[in-house]
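What follows is a set of notes on a single structure, which appears directly below.
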Amino acid sequence: MGFLLAGGSVFLNGTFKTADVAVEDGRIVSISPFLPRENQSVIKIDHLFVVPGFVDVHVHLREPGFSYKETIASGTAAAAAGGYTAVCSMPNLKPVPDGPETLQPELDAIARAAKIHVYPYGAITAGEQGQFLSDMAGMAPSVAGFSDDGRGVQSDDMMRAAMKAARALGKPIVAHCEVNELLSPGGCVHDGTWAKAHGFPGISSESEWRQIERDIGLVRETGCQYHVCHISTKESVDLIRRAKADGLPVTCETGPHYLVLCDQDLQDEGRFKMNPPLRSAADRDALIEGLLDGTVDCIATDHAPHCAEEKSRGLRQSAFGIVGLETAFPILYTQLVETGVIPLELLLDRLCTRPRRIFGLPGGTVSEGAFADLTVLDLNRPHAIVSSAFKSMGRATPFDGWVVAAAVAATICNGKLVYTDFRREDV
Ligand SMILES: [Zn+2]
């Protein structure tokens with residue numbers, strides 16, 4: 001059964017044009033200014049925008065193992081509500097997917113409950129313990145890449161071996177970069193002026209960028225495709241900019257929170273605690289610079305839900321991680337596009353196009369014959385973010401109560417409406 005998205009502004013070859021989009025059997029069958037509407041199920045979207053479905057290459061869906069925090073069903077419902085048609089899920093699960101047998105429960109849960117496409121990562125090391133390589137070859141056909149997210153791979157030799165193996169398998173290494181030796185006990189916020197003024201133990205910038213620096217050296221040696229998770233420091237931006245200038249296969253992501261917040265915005269609440277932490281204003285500005293000049297390839301949320309109790313213990317004692325899938329687009333659009341910092345087209349490139357290119361994922365265009373993975377945006381719907389209304393089981397967000405200008409009106413995955421929030425006058 002098909003339907004017609006009628007009269008929207010459609011993102012075609014990099015620009016918006018008014019057109020109807022006909023969807024049938026999971027695919028876009030035609031795009032044209034006026035398509036026949038007889039015998040069609042018509043969804044009128046006159047004031048709305050149609051773009052390729054967003055991709056988030058860094059989410060934690062918590063199943064199997066931690067379903068009290070999130071499940072494949074709730075996490076992908078949150079993703080659909082955020083305009084995402086695909087996510088890549090991190091392997092800090094129980095069991096850790098470090099071989100075909102331990103990956104299978106996650107694949108089964110995805111097949112059973114996912115509302116959108118979910119591409120899992122396999123672990124780099126067995127149990128994410130950093131001691132032995134995982135069965136990378138055994139997992140390769142089913143994973144987007146390899147990551148020990150949540151931990152840096154400390155041993156140079158282990159990372160070198162992982163890169164060689166990943167290179168041979170044609171998969172990227174997706175690295176959470178953190179040098180344990182450079183961490184001080186209890187670090188919970190950026191080691192900067194705010195931490196000193198308020199007496200909180202800090203997490204140094206160097207703990208992040210030192211490992212990126214090491215890994216870039218290993219990429220030079222091995223030729224492995226290498227993607228850095230959630231960069232947060234100005235030094236990281238510089239290192240990756242230079243690696244790209246040298247022609248190395250290095251890409252990176254940052255999170256919405258690192259682009260619009262800094263340590264001066266901190267409050268002593270769990271919803272402001274994540275790893276890496278909110279850095280200085282200069283780091284935030286360097287990340288925006290990197291977004292503009294192409295150094296920062298993707299914006300990924302690092303959606304990391306926890307239960308309310310785990311986030312209720314202030315900055316010092318709460319678990320690391322915030323939710324992000326349901327706030328990313330409205331926050332980025334309001335804070336960066338409406339203010340004129342970046343064009344909408346650039347934001348769409350970082351949310352739709354580049355992540356797919358880096359990870360070789362299907363989709364990413366609105367074109368005839370393409371899979372109907374689409375997001376319908378309302379760019380004129382001022383509203384406040386209300387975390388208690390999230391589809392995610394996690395509620396910890398620094399953006400609770402923020403007023404935003406835009407909303408996701410619908411998400412279409414495989415030609416099916418997986419999320420709708422049309423206003424009465426839209427339909
Ligand atoms: Zn991480």
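The values are calculated or read from the model by the stated rules, or taken from the named source; none is laboratory data. The shown structure was predicted, so the numbers you read here are calculated from the model rather than taken from an experiment. Here the Cβ positions follow ideal geometry from the backbone for every residue, glycine too, while neighbour counts run over all protein chains shown. Side chains included, ligands, DNA and RNA excluded: accessible areas come from the protein's heavy atoms. Shrake-Rupley method; radii C 1.70, N 1.55, O 1.52, S 1.80 Å.
Residues checked against (1) under 20 Å from ILE358 (Cα atoms); (2) out of contact with any His (no Cβ under 8 Å at 6 or more places or on another chain); (3) at pLDDT below 95; (4) basic (Lys, Arg):
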residue: HIS190; (1), (2), (3), (4): no, yes, no, no
residue: LYS196; (1), (2), (3), (4): no, yes, no, yes
residue: SER207; (1), (2), (3), (4): no, yes, no, no
residue: TYR226; (1), (2), (3), (4): yes, yes, no, no
residue: LEU239; (1), (2), (3), (4): yes, yes, no, no
residue: ASP246; (1), (2), (3), (4): yes, yes, no, no
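Checking LEU332 against (1) away from the ligand (no atom under 16 Å from the Cβ); (2) open to solvent by 30 Å² or more (accessible area, probe 1.4 Å); (3) under 16 Å from the mean Cα position of the chain (by Cα), which test does it fail?
The failed condition is (2).
Do we have any residue at all in the range 323-335 that's part of a helix (DSSP H, G or I) and free of Cβ contacts under 8 Å to residues at least 40 places away in the same chain?
For the range 323-335, residues part of a helix (DSSP H, G or I) and free of Cβ contacts under 8 Å to residues at least 40 places away in the same chain: absent.
Identify the single condition in (1) among the aromatic types (Phe, Trp, Tyr); (2) within 16 Å of the ligand (Cβ to nearest atom); (3) closer than 20 Å to GLN335 by Cα that PHE320 does not satisfy, given that it satisfies every other one.
(3)
Collect the residues in the range 288-304 that are within 15 Å of the chain's Cα centre (by Cα) and either closer than 15 Å to CYS88 by Cα or of a type in the set (Gly, Ala, Ser) (or both), keeping them in residue-number order. Break it down stepwise before answering.
Filtering the range 288-304 down to residues within 15 Å of the chain's Cα centre (by Cα) leaves 291, 296-304.
Passing the criteria: CYS298, ILE299, ALA300, THR301, ASP302, HIS303, ALA304.
State all residues of the range 336-352 that are in contact (Cβ under 8 Å) with a residue 60 or more places away in the chain and among the charged types (D, E, K, R); if no residue qualifies, say none.
The answer is GLU338, GLU345.
Looking at (1) closer than 25 Å to VAL57 by Cβ; (2) more than 21 Å from the chain's Cα centre (by Cα), which one does HIS198 not meet, given that it meets all the others?
(1)
Only residues that are open to solvent by 30 Å² or more (accessible area, probe 1.4 Å), under 22 Å from PHE16 (Cα atoms) and part of a strand (DSSP E or B): list them for the range 369-402, please.
Of everything in the range 369-402, just one residue is open to solvent by 30 Å² or more (accessible area, probe 1.4 Å), under 22 Å from PHE16 (Cα atoms) and part of a strand (DSSP E or B), namely PHE371.
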